[in-house]
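Peer 1: Sharing a structure, written as structure tokens. Questions coming.
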Amino acid sequence: MSIVVRALNSQDEFHDAVELQKEIWQFKDMDLLPRRLFVVATKVGGQAFGAYDGGRMVGFALAIPGMKQGYGAYLHSHMVGVAASHRNQGVGRMLKLAQRDDALARGIDLMEWTFDPLEIKNAFFNIERLGAVVRRYVLNQYGISTSVLHTGLPTDRCVAEWWMRSERVVKALAGERSERSEIESRIQVPSDIEEIRVKEPARAREIQGVISEQFGNAFDRGLTVIGFERSEATGDYLLGQFESGRGE
């Protein structure tokens, strides 16, 4: 496999990204990010990248610029997707690295995005492989989604903070672990949560409710997700103290 990641610029490329959304998430039209959003994002300081296997787009990333009170400009990575045929092959990492390279070249240190706390594999990638931390949890951020992948659950989301120049991130990208503070709390997700979501949606909703309460309590205490561990039984969010600011 020879994957090339490049910036998206043309209407045809934006159209391909919209079509890939349909393939990955099976969204109805109301939940699709339209082509015009890709156009606007690239005009106002955002990012649009595509991953290509030959002439076929197999992944994309879209980020929009934001302004945070007390901090300044940052990027919000709104959507990153990889075709099922190319998952577990490092395409997502390539897209995130392209986003980081572009942001740092423009003097932007912080990128944020949201992710489903029930998706254990994604959580591990964000926290351990990329070095992101989490200090916020949002209830039903996008409303009930039309994607079959979301199985009708409220779209509760963790907010990942990626301090792209920090020692933590540099070490994570190099496959190393930076020193971290003592773990003060754990939030556990059953390792078979994907099966539970499909076969026992009521139980999945109960698990989601318990987890949301645990995150809320932990963040009220000033804790931050600073690590993630996986076992046969659970995926564990590890929470402890984390310095505010640039996380360096």
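The values are calculated or read from the model by the stated rules, or taken from the named source; none is laboratory data. Only a predicted model underlies this, so the values are computations on that prediction, with no experimental measurement involved. Quick reminder, even Gly has a Cβ in these numbers, built from the backbone with ideal geometry, and neighbours come from all protein chains shown.
Peer 1: Considering every residue within segment 236-244, establish whether at least one is outside any strand (DSSP E or B), closer than 24 Å to Leu97 by Cα, at pLDDT 95 or above and within 18 Å of the chain's Cα centre (by Cα).
Peer 2: no
Peer 1: Restricting the search to segment 63-87, which residues are within 17 Å of Leu104 (Cα to Cα) and among the hydrophobic types (A, V, I, L, M, F, W, C)?
Peer 2: Within segment 63-87, the subset within 17 Å of Leu104 (Cα to Cα) is 63-67, 71-77.
Hits for segment 63-87 are Ala63, Ile64, Met67, Ala73, Leu75.
Peer 1: Identify, by number, the condition in (1) more than 20 Å from Asn122 (Cβ to Cβ); (2) without any contact (Cβ under 8 Å) to a residue 40 or more places away in the chain; (3) surrounded by 15 or more Cβ atoms within 10 Å (Cβ to Cβ) that Glu229 doesn't meet.
Peer 2: (1)
Peer 1: What number of residues in segment 40-76 are assigned to a strand (DSSP E or B) and either of a type in the set (Val, Ile, Thr) or out of contact with any His (no Cβ under 7 Å at 6 or more places or on another chain) (or both)?
Peer 2: Within segment 40-76, the first condition is being assigned to a strand (DSSP E or B), and the residues that meet it are 47-53, 56-68, 72-76.
This time we only want the ones that are either of a type in the set (Val, Ile, Thr) or out of contact with any His (no Cβ under 7 Å at 6 or more places or on another chain) (or both), so: 47-52, 56-58, 60-61, 64-65, 67-68, 72-76.
Of the residues in segment 40-76, 20 are assigned to a strand (DSSP E or B) and either of a type in the set (Val, Ile, Thr) or out of contact with any His (no Cβ under 7 Å at 6 or more places or on another chain) (or both).
Peer 1: With the structure loaded, tell me whether Leu75 is closer than 18 Å to Trp163 by Cα and of a type in the set (A, V, I, L, M) or whether it fails that test.
Peer 2: Yes; evaluated as a whole, the condition is true for this residue.
Peer 1: Additional query: Checking the structure you have, find out if any residue of segment 73-80 is within 30 Å of Asp192 (Cα to Cα) and of a type in the set (A, V, I, L, M).
Peer 2: Yes: one or more hits.
Peer 1: Ok, one more. Can you give me the number of residues within segment 212-232 that are closer than 19 Å to Trp162 by Cβ and either part of a strand (DSSP E or B) or modelled with pLDDT under 95 (or both)? Steps first, please.
Peer 2: Filtering segment 212-232 for residues closer than 19 Å to Trp162 by Cβ gives 215, 219, 223-228.
When the remaining residues are screened for being either part of a strand (DSSP E or B) or modelled with pLDDT under 95 (or both), the result is 224-228.
Summing the residues that are closer than 19 Å to Trp162 by Cβ and either part of a strand (DSSP E or B) or modelled with pLDDT under 95 (or both) in segment 212-232 gives 5.
Peer 1: Name the single residue, out of those in segment 20-39 being free of Cβ contacts under 8 Å to residues at least 12 places away in the same chain and more than 19 Å from the chain's Cα centre (by Cα), that is surrounded by the most Cβ atoms within 10 Å (Cβ to Cβ).
Peer 2: First, pick out the residues of segment 20-39 that are free of Cβ contacts under 8 Å to residues at least 12 places away in the same chain: 22, 29, 36.
Among the residues that remain, those that are also more than 19 Å from the chain's Cα centre (by Cα) are: 29, 36.
Values: Asp29: 9, Arg36: 11.
For segment 20-39, the residue satisfying everything is Arg36.
Peer 1: Looking only at segment 121-144, count how many residues are closer than 19 Å to Glu179 by Cβ and surrounded by fewer than 16 Cβ atoms within 10 Å (Cβ to Cβ).
Peer 2: 1
Peer 1: If you don't mind, another one. Say we look at segment 53-100 and pick out the residues that are of a type in the set (Ser, Thr, Tyr) and out of contact with any Pro (no Cβ under 9 Å at 6 or more places or on another chain); which of these is surrounded by the fewest Cβ atoms within 10 Å (Cβ to Cβ)? Break it down into steps so the answer makes sense when it comes.
Peer 2: The first filter runs over segment 53-100 and keeps only residues of a type in the set (Ser, Thr, Tyr), leaving 71, 74, 77, 85.
Those still in the list that are out of contact with any Pro (no Cβ under 9 Å at 6 or more places or on another chain) too: 71, 77, 85.
Working: Tyr71: 12, Ser77: 21, Ser85: 10.
If we take residues in segment 53-100 being of a type in the set (Ser, Thr, Tyr) and out of contact with any Pro (no Cβ under 9 Å at 6 or more places or on another chain), then Ser85 is surrounded by the fewest Cβ atoms within 10 Å (Cβ to Cβ).
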